[in-house]
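Each remark here refers to the structure printed beneath this line.
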Amino acid sequence: MNCSVLLLFLILSVTISVSTGSHQRAILRAIIKENSKDGDFAVDLNATNFDSVLKETPAPYAIVEFFAHWCPACRNYKPQYEKVARLFNGADASHPGIILMTRVDCALTINSNLCDKFSVGHFPMLFWGPPKKFVGGGWDPKQEKSEILPIENGRTADILLGWINKQLGSSYGFDDGKYEKEHLQANTSDPGQIAKAIYDIEEATSTAFGIILDHKMIKPVTRASLIKFLQLLVAHHPSKRCRKGSADVLVNFDDLCPSETMSVNNEEAESCSKKGALGNYQICGKEVPRGYWMYCRGSKNYTRGFSCGLWVLLHSLSVRVEDGESNMAFRSTCDFIHNFFICEECRQHFYEMCSSVSSPFKKARDFALWLWSAHNKVNERLMKDEASLGTGDPEFPKASWPSKQLCSLCYLSPSKANKETSKIDWDEEEVFKFLVSYYGKELVTLHKEREQQGGGQTEKVVAEEVVASTHAVVVPVGAALAIAVASCAFGALAYIWRSRQKKKYKYLYSLKNI
């Protein structure tokens, strides 16, 4: 669905850019773009930017080639290496955001110490590993255990790609097309596109959690609202690993972010920050965020992406709650946005829409339709702003949702009055059916079916960790009863109670059809 209120997070990561991470990613994009102009897709690094680029790349894996520009074998190998790099780096990448492929010229004096740290004894020499493991580190052939692995045989593009496929359990090929060709344009009219959104929801969840920690937003007055929203994620997040990660945080929250350590002037404890113990938890798994968008990818930098992913998350939650949970889910969503969205204008608009609800929701249908209506109101407002400022995405302009191509039954024949005002007459019963199908069954089921049929390559990297959203609540043995009762746990969270013996607790999965 088109971007909206959650534009505030987008503004945070771009306009506020503010954070070192956003700045470094912008530098990385610029480097890749500049390299691509010259036909080079591997990112050239040196001792001055080696740590910063590898530290901030969102890609879960990196390959570093150490070479010397005077070496004939290195010059002959470069086209082979670039052929593989083109699959993962640059604007035409088939599989963006998975592997950052880089090169370091050891013949340059500035890189001598860097090459020595990695025990470079011949050219070219390739290493594989998580990008952050390269930062400030090195490689010793005598070291028994290391997450940095030498690629012993990558002398041709075919051999190197085969090594990567074996490492990841993937089947990437050189004939894989440009990623955007299968994505752009089809998004808004092809219902099958929503299957890809499972990755964007994981990305948005992880990034939002990171922003909360980075900006130290957990305080005495916001603490309870975060706990309630975490409970909503544990019970109804479409991704299995995000449910599990949210449960990990929730079960350990009191110890990781104890309220008694927070000072009276509302400054959070260090343990609640990114640098504290809570920052060691990856809410959707160690490889998320990945730094790319699939269903939510825009045609321009900084359009759609984060904000779109967060909206899809909220809609997917709204169609999974049961009637008895509907008002609690509504309040938790409103409180979460009010307490943890930094963009003041966006937060205020959403708060006003929440405040306009005069009576509690008694049906899940009412909550899902309210969120849908609120999203369309935001789109209508942003449509005018983007038209006057020229800041919209030309491929994905704001519009009323869903489109007639996706749900023709959602539209009633307009009355005479509505013809005059250009207002759409919606069949809300059909809209609700569409929302439940689109953000519920189709969001994950189509994805799962495509994986079983050997679908898209990018999805295969993380496929086995994604399960149908209709299955499941993560229920840790010995979970936090005190938290669950105090915060009015959602549905299955009534079964979560706290264990003080965390080393011994295990996870059980209660399968539940929604």
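The values are calculated or read from the model by the stated rules, or taken from the named source; none is laboratory data. Please read all numbers here as calculations on a predicted model, not as lab measurements. Neighbour counts run over all protein chains shown; Cβ positions are idealised from the backbone, glycine included. Areas reflect the complete protein model, heavy atoms only, side chains present, ligands, DNA and RNA absent. Shrake-Rupley method; radii C 1.70, N 1.55, O 1.52, S 1.80 Å.
Sort His315, His349 by heavy-atom solvent-accessible area, probe 1.4 angstrom, most to least.
Sorted by accessible area, descending: His349, His315.
Based on the Cβ-Cβ distance of Trp70 and Asp92, what FRET efficiency does E = 1/(1 + (r/R0)^6) give at R0 = 25 Å, to the nearest 0.05?
With R0 = 25 Å, the Cβ-Cβ based efficiency is 0.25.
Subtract the Cα-Cα distance of Asn153 and Lys286 from 0.36 nm times their separation in residues, and report this length gain in nm to one decimal.
So the chain would gain 45.1 nm between Asn153 and Lys286.
Report the label-to-label distance for Asp44 and Lys404 in nanometres (one decimal), using points 7 Å from each Cα along the Cα→Cβ vector.
5.4 nm
Return the sequence-ordered ³J(HN,Hα) values of the stretch 230-244 in whole Hz as given by the Karplus equation 6.51 cos²θ - 1.76 cosθ + 1.60 applied to θ = phi - 60°, using x for Gly and Pro.
Karplus values, whole Hz, x for Gly and Pro: 4, 5, 4, 5, 4, 7, 9, 5, x, 9, 4, 6, 6, 5, 5.
When the solvent-accessible surface of protein heavy atoms is calculated with a 1.4 angstrom probe, in what order do Lys300, Lys384 fall, highest first?
Largest accessible area first, the residues go Lys384, Lys300.
Given a 1.4 angstrom probe, I'd like the percentage of the accessible area of the stretch 34-185 that is carbon and sulfur, rounded to a whole number.
48 percent
Quote the accessible area belonging to Asp51 in square angstrom, nearest 10, computed with a 1.4 Å probe and with ligands, DNA and RNA left uncounted.
60 Å²
Arrange the residues Val288, Val436 by how much accessible surface each exposes, largest first, with a 1.4 angstrom probe.
Descending order: Val436, Val288.
How much length, in nm to one decimal, is gained on full extension between Leu389 and Asp116, taken as 0.36 nm per residue of separation minus their Cα-Cα distance?
So the extension gain works out to 93.1 nm.
What nm value, rounded to one decimal, do you get for the distance between Asp427 and Ala224 when each label is placed 7 Å out toward the C-beta?
About 4.4 nm separates the two model spin labels.
So what's the net charge close to Glu352: Lys and Arg +1, Asp and Glu -1, counting the other residues with Cβ under 13 Å from its Cβ?
+1
Run the 1.4 Å probe and let me know the accessible area of Ser171, rounded to the nearest 10 Å².
My reading of the accessible area for Ser171 is about 60 Å².
Mind ordering 252-259, 424-431 by average Cβ neighbours within 10 Å, highest first?
252-259, 424-431
How far is the Cα center of the stretch 54-106 from the Cα center of the stretch 367-410, in Å?
The distance from the Cα centre of the stretch 54-106 to that of the stretch 367-410 comes to 40 Å.
Work from the charge dipole of the stretch 327-425 (Cβ charges, +1 for Lys and Arg, -1 for Asp and Glu, about the Cα centre) and give the residue of Leu409, Ser388, Ser332 farthest towards its positive end.
Positive-most Cα among the choices belongs to Leu409.
If the chain between Ser171 and Ile342 were fully stretched, how many nm would it gain, using 0.36 nm times the residue separation less the Cα-Cα distance?
Gain on extension, Ser171 to Ile342, equals 57.4 nm.
Past 23 Å, Cα to Cα: identify those pairs from Lys196/Lys404; Lys240/Lys286; Lys145/Lys240; Lys83/Lys117; Lys145/Lys286, in the order given.
Violating the 23 Å limit, Cα to Cα: Lys145/Lys240; Lys83/Lys117.
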